[in-house]
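Before any comments, here is the structure.
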Number of protein chains: 4
Amino acid sequence: MKYGVMRPGHVQIRVLDLDEAVRHYCDLMGMIEMDRDDQGRVYLKAWTEVDKYSVVLKESDEAGMDFMAFKVVSEDVLDTLRHKLVDYGVAVTDLPADELKDCGRRVRFTAPTGHQFELFASKLQTGKWGINKVNPEAWPRGLQGMAVTRFDHCLLYGPDVPGTTRLFQEVLGFDLGERVITPDDSQTLIGSFLTVGMKAHDVAFIEHAEPGKFHHASFFLETWEDVLRAADLISMTDTPIDIGPTRHGLTNGRTIYFFDPSGNRSEVFANGNYHYPDHEPVTWTADQLGKAIFYHDRVLNERFLTVLS
Amino acid sequence: MKYGVMRPGHVQIRVLDLDEAVRHYCDLMGMIEMDRDDQGRVYLKAWTEVDKYSVVLKESDEAGMDFMAFKVVSEDVLDTLRHKLVDYGVAVTDLPADELKDCGRRVRFTAPTGHQFELFASKLQTGKWGINKVNPEAWPRGLQGMAVTRFDHCLLYGPDVPGTTRLFQEVLGFDLGERVITPDDSQTLIGSFLTVGMKAHDVAFIEHAEPGKFHHASFFLETWEDVLRAADLISMTDTPIDIGPTRHGLTNGRTIYFFDPSGNRSEVFANGNYHYPDHEPVTWTADQLGKAIFYHDRVLNERFLTVLS
Amino acid sequence: MKYGVMRPGHVQIRVLDLDEAVRHYCDLMGMIEMDRDDQGRVYLKAWTEVDKYSVVLKESDEAGMDFMAFKVVSEDVLDTLRHKLVDYGVAVTDLPADELKDCGRRVRFTAPTGHQFELFASKLQTGKWGINKVNPEAWPRGLQGMAVTRFDHCLLYGPDVPGTTRLFQEVLGFDLGERVITPDDSQTLIGSFLTVGMKAHDVAFIEHAEPGKFHHASFFLETWEDVLRAADLISMTDTPIDIGPTRHGLTNGRTIYFFDPSGNRSEVFANGNYHYPDHEPVTWTADQLGKAIFYHDRVLNERFLTVLS
Amino acid sequence: MKYGVMRPGHVQIRVLDLDEAVRHYCDLMGMIEMDRDDQGRVYLKAWTEVDKYSVVLKESDEAGMDFMAFKVVSEDVLDTLRHKLVDYGVAVTDLPADELKDCGRRVRFTAPTGHQFELFASKLQTGKWGINKVNPEAWPRGLQGMAVTRFDHCLLYGPDVPGTTRLFQEVLGFDLGERVITPDDSQTLIGSFLTVGMKAHDVAFIEHAEPGKFHHASFFLETWEDVLRAADLISMTDTPIDIGPTRHGLTNGRTIYFFDPSGNRSEVFANGNYHYPDHEPVTWTADQLGKAIFYHDRVLNERFLTVLS
């Protein structure tokens, strides 16, 4: 949290059918619908999150990610980071408060990979869902399906991962927690796992010719047992699976990938590496990319390579 | 245990290189080498087994299974079952005591699927490995790798699964715990999971044109966490993986498949259904075979179809 | 299953308030209410059981166990075992079919420990709850609370454990799976864990001066994670806890003990030892009883010694 | 990490017998001995830690904690924090580099609770133990016992928890992640769980009349399964147990407490709450302290109240 960026705050995901999507993210994954707006967008939270929502679903003709946002510690920090972006040569767009319901003003910019990111400092805090503020129980009864605990990160594909990484490091204070480099002398960065706290990653990028591609949005579970339960629910609901249950080599997460009805990939995972600023990046070489991504199979399945615009 | 057959007693597996095989079954899977004989065969046990060994490794030019044996409760029962086999029209071969070290006489026969099976009543009991007879600790320290707890069952491929199933039921007192039938009116049995105790299966058969094929030998773990640990060890040791960690639809086991250095498939798994004699067979239809075998992926991977002679 | 006894079939538990008891066994423990009768008794099943019910709750002024029953494989076996009991000098009472709803005739007798046991061969089979007969999912959605999978065993206190053990062995074909003996030369049996299948115990007895005491009825869970979840639910519902989560030394189960609103102790547990007829009994000495019962604390808590009439 | 404090860096623990202590922290808990110095101190690390050591054992006539240290991001930050401490009215002592082997200079101060703390910026980094720097395996083979992953936090008893909390917040930039307050109108802080990253706590204090008391040093495990394994090992090694396996209400960790041969309490735990700077403190009231500390038993055992000087 070097420069005041705290965590992933929300992601807006485009879906082809809103009702089907709500069933996926709520009934199957266990998020809670918190609100809708006059654009028809649906606001969802995971139960441990204190802010009102972390996922915004928007109906569209094409699946994919509209934008991902990070919450910063204060409006002052938001101003500072806005200036730093502009000074760095990044164009910013100011979005007014309440363009997203109950969210303060947002500062939007496009990374070299072609993805839209936002910073914001304020969002209505409704507290953890389903437990008391004082003397809280360990978890709420009444959660659905996978009972994901929080929106964790996104994995995104696009060009110029090195430039995007520098932007996140120098302007926003992210650390390079883990990375994939080419095995040649150039050690070119082709996979960048960036973190702004102790997590193995808050956002990750893989080098890809086409800009702005969306690989997945990821949500945190508590245990490997929960990953199995998620896998079982995927099967029971005829949800298309990508891969898993398995482990990542990079980040060490225990994971499963699957698809929402629009084709957006979802991940749920548990455990994984932690990061501190004095840690050297965990490094994998591209010739070991299969094992880096899917530690057990040690090859990339073809589906993994599919990304959405 | 209707007619006195207790459990799988041992399996003799052919391997191309004995040292590599010992590393696989002992260093990786956690079995304990108990003895060798003058044929060069190696005798292994898993730690919870009271008999001296359950796996016999034999060096050969071709991988696969030589025979699988069941232990019966007494020499009298062994006589009775020998007679029943003969009366049923099954040719039997008598093997003398100590043809396998510290094992009593064995009665061998060939099932319609082409596999060799044996019955025996006596084997030297060395007790559970690494814990005291009195006031035993929960588990022994010093186990290697996956620390498998017991040899559990084999899955075998061959012709005439219905006839083989009848033989095991009528002569040996097995129950049909779980099954795969064709979805047409004939409801032909193409997969048969036979049990002689409370386990979901002690031996299983899949219909296959060629006789005597070996799919895998399976070993029991305690937990889903152990399946992950097994998967990690598979990757760390560059062991070829087949599929998993995943769950079976049939039997409900939590499982992973991988290969020994000779190409024999090994399974380790945890949990799963239990059986009693008044249970109707758990039934899957062949059109759902993918989900029946691999509950999460819901398709058979190509490797699954590979079997050894 | 030497003489045709299969498994624990049901237990009738006396409760002080029926509604409170139903909340305990159904809302908290996850059993399913299947029926009530004109005596006001409530019939419950756990989801993996194929018979219609395994627990019968009866309102009474005094908590405790009325009787525990074992299911045998056929009416013929029931006749045979009835004769064997009489020949052994045990008085039997015949209860007509449907005295318990949808249950066949029962043969009741009293063990030397003072507990009433029953044998029966027939009960309406409703199948596993919540999953299809063909191509079943791995588990049903909609289970409540701890989602126990089956009624597993009872632990009972009373005099003459050696005599009771002989009766169960010689007449009913149980094995002594695990035991506690005095550390002196007499090696007197003071704890007897009897099994009629592969489980570590189907019924257990502890030597105690007063006859007919009820320690607990036990239910099976799938995993240690489920034991934690049970513990959390115990706390959330202000249910009195006895001890746990912990492990038993005897049987090796992963367990927690707690009380229903009438003061009857319930256990839920996962994993544990398996048994075969050629296994010597797992033996603990009475001077290690604390570790034998509660493997981690290695002392008996005072509450453990409380038993109900 | 508001003011540049990263994490707990080390704790120096006094032990009555060094060899016994090494067996406890290494053979049982799975730390790795890295070095010894001419004072006879032993330096230990847990395998995921990048710094050379995190625990220092020192032989003494009296058990307890000598000091706990936090690592800061740079020598400049160390200077700044030193000045802030002095300005806040806290006396500091400067310890030269290499007073602890391979550690830079340390700034020591005493908190109002009577405990000695240190700040330092530099320590030799030996990297994670047992895995490669590039393309690392998921975990190292060869770990002993509980295989703890990192030194996590200390719980300390002493007077003036409110003042100590303010010092950690205002001078060192810690957040109050969780807290216990009196249930009266004064809402006096009697339990303070302070964090400087995303963990539920990096150090915690309980109000206590006598200063400088040591409750426990805590180490992180990966899973609830590991907590069971730890409990089993505690029993196998005749290690005195305090309580567990259980869950904390505060922090939600899955935990077990036990004692080293000198009487110092150790904790190993897994999972637990995460914290961000915009989170209100998780709050428990003192009348619910039993449940706050031991979520399942809901009472404090007497042993919990024992603390060392």
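The values are calculated or read from the model by the stated rules, or taken from the named source; none is laboratory data. Only a predicted model underlies this, so the values are computations on that prediction, with no experimental measurement involved. Please note: Cβ atoms are built from the backbone with ideal geometry, for glycine as well, and neighbour counts cover all protein chains shown. We work out accessible area using only protein heavy atoms, side chains counted, and drop any ligands, DNA or RNA first. Shrake-Rupley method; radii C 1.70, N 1.55, O 1.52, S 1.80 Å.
Viscosity 1.002 mPa s, temperature 20 °C: Stokes-Einstein D of the stretch D:72-158 from its Kirkwood Cα radius, in µm² per second?
Result for D is 136 µm²/s.
Name the residue, out of C:252, C:264, C:273, whose mean-square fluctuation peaks in a Gaussian network model built on chain C with Cα pairs under 10 Å.
Greatest mean-square fluctuation among the candidates belongs to C:273.
A drop of at least 50 square angstrom in accessible area, chain alone versus all protein chains together, probe 1.4 Å. Which residues of the stretch D:208-230 meet that?
Those residues are D:222, D:224, D:225, D:228.
Quick one: compute a quarter of the convex hull surface over the Cα atoms of the stretch A:1-106 and quote it in nm².
7.5 nm²
Say a label goes 7 Å from Cα toward Cβ at residue A:130 in every copy; what distances in nm does this one have to the rest, shortest first?
Taking the point 7 Å beyond Cα along Cα→Cβ, the inter-copy spacings are 1.5, 3.6, 3.9 nm.
Pairs of alpha-carbon atoms within less than 8 angstrom and 6+ residues apart define the contacts here; what relative contact order does the stretch D:152-201 have, in percent?
34 percent.
Please enumerate, by chain and number, the aspartates and glutamates with C-alpha under 15 Å from the C-alpha of residue B:213, excluding those fewer than 8 residues away in the same chain.
List returned: B:62, B:66, B:160.
Using a 10 Å cut-off on Cβ to Cβ distances, tally the other chain neighbours for every residue of C:290-296 and report the average as a whole number.
4
For the stretch A:75-84, in order, what is each residue's ³J(HN,Hα) by Karplus, 6.51 cos²θ - 1.76 cosθ + 1.60 with θ = phi - 60°, in whole Hz (x at glycine and Pro)?
5, 4, 4, 4, 4, 4, 5, 4, 5, 4
Please give the average number of partner chain Cβ atoms lying within 10 Å of the Cβ of each residue in B:126-135, rounded to a whole number. Before the final figure, lay out the partial values.
Numbers: counts 0, 2, 4, 0, 0, 2, 1, 3, 7, 11.
Other-chain Cβ atoms within 10 Å of each residue's Cβ, averaged: 3.
Within the stretch C:87-193, which trypsin sites (Lys or Arg not before Pro) sit in a loop by DSSP and count at most 12 neighbouring Cβ atoms inside 10 Å?
C:133
Using a probe radius of 1.4 Å on heavy atoms only, what accessible surface per residue do you get for the protein assembly as shown? Whole Å² is fine.
Spelled out: the 1.4 Å probe surface of the protein assembly as shown, per residue, equals 33 Å².
Could you run the Debye sum over the Cα atoms of the stretch A:118-199, one equal point scatterer each and no solvent, and tell me log10 of I(q)/I(0) at q = 0.11, 0.12, 0.20, 0.24 Å⁻¹, two decimals?
The calculated log intensity ratios at q = 0.11, 0.12, 0.20, 0.24 Å⁻¹ are -0.52, -0.59, -1.01, -1.22.
Using a 10 Å cut-off on Cβ to Cβ distances, tally the other chain neighbours for every residue of C:95-108 and report the average as a whole number.
0
How compact is the stretch A:195-251 by the rule of thumb for globular proteins, expressed as Cα Rg over 2.2 N^0.38 Å?
1.37
Which whole-Hz couplings ³J(HN,Hα) result when phi for each residue of the stretch B:155-166 is put into the Karplus expression 6.51 cos²θ - 1.76 cosθ + 1.60, θ = phi - 60°, listed in order with x for Gly and Pro?
For the stretch B:155-166, the Karplus-derived couplings read 10, 10, 10, x, x, 6, 4, x, x, 5, 4, 4 Hz, x marking Gly and Pro.
Please quote Rg/Rh for the stretch C:163-309 to two decimal places, taking the Kirkwood radius as Rh and restricting both calculations to Cα atoms.
Numbers: Rg = 15.3 Å, Rh = 15.9 Å.
Rg/Rh for the stretch C:163-309 comes to 0.96.
Tell me, rounded to the nearest percent, the portion of alpha carbon pairs in the stretch A:63-102 spaced more than 17 Å apart.
41 percent
To the nearest 0.05, how large is the calculated FRET efficiency for residue A:187 and residue A:141 if R₀ is 56 Å and r is the Cβ-Cβ distance?
In this case the efficiency is close to 0.65.
What FRET efficiency do you get for residue B:116 and residue B:287 if R0 is 51 Å and r is their Cβ-Cβ distance, rounded to the nearest 0.05?
With a Förster radius of 51 Å, E is 0.95.
Please tell me the relative contact order of the stretch A:51-119 in percent, rounded to the nearest whole number, where contacts are Cα pairs under 8 Å and at least six residues apart. Intermediate values should be presented prior to the final figure.
On the way: 68 pairs, mean separation 21.3, N = 69.
This gives 31 percent for the stretch A:51-119.
Any chance you could list the semi-axes, whole Å, largest first, of the equivalent ellipsoid that the Cα gyration tensor gives for the stretch C:236-309, using √(5λ)?
24, 15, 12
Amide H to amide H, which residues 5 or more places from residue B:178 or on other chains are under 5 Å from it, using H placed in the peptide plane?
Hits under the 5 Å cutoff: B:193, B:282.
GNM on chain D, C-alpha springs below 10 Å: top fluctuator among D:27, D:226, D:94?
For chain D, modelled as a Gaussian network with Cα springs under 10 Å, the answer is D:94.
Percentage of Cα-Cα pair distances in the protein assembly as shown greater than 45 Å, rounded to whole percent?
40 percent
Treating the point 7 Å from Cα along Cα-beta-carbon as the label, what are the nm separations from residue D:116 to the other copies, to one decimal?
Copy-to-copy label distances at residue D:116, shortest first: 5.8, 7.1, 7.4 nm.
Can you tell me the FRET efficiency between residue B:126 and residue D:16 if r is taken as the Cβ-Cβ distance and R0 is 45 Å, rounded to the nearest 0.05? Please report the intermediate quantities before stating the final value.
Working: r = 42 Å, r/R0 = 0.92.
The computed FRET efficiency comes out at 0.60.
For chain A, calculate the relative contact order in percent as a whole number, restricting contacts to Cα pairs under 8 Å that are 6 or more residues apart.
Values: 782 pairs, mean separation 55.4, N = 309.
RCO, chain A: 18 percent.
Give the distance, in whole Å, between the Cα centre of the stretch A:223-247 and the Cα centre of the stretch B:84-98.
47 Å
What is the Cα centroid distance between the stretch B:36-61 and the stretch B:257-280, reported in whole angstrom?
With the stretch B:36-61 and the stretch B:257-280 each reduced to a Cα centre, they are spaced 19 Å.
Considering only the other residues whose Cβ falls under 14 Å of the Cβ of residue C:84, what net charge follows from Lys and Arg at +1 and Asp and Glu at -1?
Net of charged neighbours comes to -1.
Grab the residue from chain A whose Cβ hugs the A-to-B rotation axis most tightly, plus its distance in whole angstrom.
Result for the axis mapping A onto B: A:245, 3.
Going 7 Å from Cα along the Cα-Cβ axis for the label, what nanometre distances separate residue B:94 from the same residue across the other copies?
Label point to label point, same position, other copies: 4.8, 9.4, 10.0 nm.
Given the pairs B:45/B:133; A:291/B:128; B:2/C:84; B:2/C:58; A:291/D:128; C:58/D:291, which are separated by over 28 angstrom at their Cα positions?
The pairs that break the limit, which is 28 Å between Cα atoms, are A:291/B:128; B:2/C:58; C:58/D:291.
Please give the charge dipole size of the stretch D:1-155, origin at the Cα centre, charges +1 on K and R Cβ atoms and -1 on D and E Cβ atoms. Round to the nearest 20 debye.
Taking the Cα centre of the stretch D:1-155 as origin, the dipole is about 640 debye.
Build a GNM of chain C with springs between Cα atoms under 10 Å: which of C:140, C:261, C:112 gets the top mean-square fluctuation?
With Cα springs under 10 Å in chain C, the top fluctuation among C:140, C:261, C:112 is at C:140.
Got a number for carbon plus sulfur as a percent of the protein assembly as shown's accessible area, 1.4 Å probe?
On the way: 19350 of 40330 Å².
That share works out to 48 percent.
Kindly compute the accessible surface that chains B and A hide from a 1.4 Å probe when together, both sides summed, and give it to the nearest 100 Å².
On the way: alone 13350 and 13350 Å², together 24770 Å².
The summed interface area works out to 1900 Å².
To check my understanding: the extent here is largest minus smallest coordinate of the Cα atoms along each principal axis. What are those three numbers for chain A, in Å, largest first?
Computed over the Cα atoms, the extents are 54, 46, 43 Å.
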